[in-house]
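The values are calculated or read from the model by the stated rules, or taken from the named source; none is laboratory data. Every value quoted in this text rests on a predicted model; they were computed, and no experiment measured them. Because the Cβ atoms are built from the backbone with ideal geometry, glycine has one as well, and the counts that use them run over all protein chains shown.
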Amino acid sequence: MTASPLVIVLDRLIGRHGLAPSTAWGVLVRAAARKGTTVEELASRIVAGVPSETDDLVAEVAHLRVALESRDVIGQAKGILMERHGIGADEAFARLVTMSRSGNVRLREIAENLVELRADLPSPEGDRLLG
């Protein structure tokens with residue numbers, strides 16, 4: 001008995017890309033919704049070897065990985081600000097956004113720099129940029 005295209009694509013996402021089953025399913029659902037098609041139809045086109053469909057799915061996986069990494073580093077930066085300045089999560093995020101906008105730098109880059117330089121951060125009394 002031959003596996004359905006949907007099972008084949010999910011198996012590829014899980015095996016080759018190391019995604020959890022629920023994440024693999026989410027990638028397919030998202031990609032199908034963007035294309036205005038069903039998950040089953042998208043899976044059939046991927047298995048049939050339609051290059052654009054396969055490339056789009058691989059790009060979707062890469063995008064999700066970057067999003068997850070960004071979320072982690074932004075969370076770390078928020079934690080640093082919360083600890084150093086005795087503020088809540090919403091205020092810490094607002095400060096990161098303000099720094100991002102005022103410097104015209106991506107939020108992820110601000111967060112990465114903050115995490116990297118955390119030992120050199122000024123105390124709240126001497127802090128003009130973060131306060």
From the options VAL105, VAL73, VAL115, residue that is at pLDDT below 95 and part of a loop (DSSP other than H, G, I, E, B): VAL105
Residues satisfying the stated conditions in the range 9-25, i.e. loosely packed, with under 15 Cβ neighbours inside 10 Å and either in a helix (DSSP H, G or I) or among the aliphatic types (A, V, I, L, M) (or both): ASP11, GLY15, ARG16, ALA20, PRO21, SER22
Positions within the range 1-31 being among the aliphatic types (A, V, I, L, M), farther than 21 Å from LEU68 by Cβ and without any contact (Cβ under 8 Å) to a residue 12 or more places away in the chain, in sequence order: MET1, ALA3, VAL7
Enumeration of residues in the range 81-110 that are crowded, with 18+ Cβ neighbours inside 10 Å and under 20 Å from the mean Cα position of the chain (by Cα): ALA92, PHE93, LEU96, ARG108, ILE110
Long-range neighbours under 8 Å by Cβ, at least six apart or interchain, first residue more than 17 Å from ARG106 (Cα to Cα) and in contact (Cβ under 8 Å) with a residue 24 or more places away in the chain within the range 64-88, second among the basic types (Lys, Arg) and assigned to a helix (DSSP H, G or I): ILE80/ARG118; LEU81/ARG95
So ILE46, is it over 22 Å from the mean Cα position of the chain (by Cα) and not in a helix (DSSP H, G or I): no
Condition check for GLU41: charged (D, E, K, R) and more than 30 Å from VAL115 (Cβ to Cβ): yes
Residue within the range 28-46 that is polar (S, T, N, Q), at pLDDT below 90 and touching a helix residue (DSSP H, G or I) at 6+ places or on another chain (Cβ under 7 Å) present: no
Index of the failed condition, ALA31 passing every other in (1) surrounded by 12 or more Cβ atoms within 10 Å (Cβ to Cβ); (2) within 15 Å of the chain's Cα centre (by Cα); (3) not aromatic (Phe, Trp, Tyr): (2)
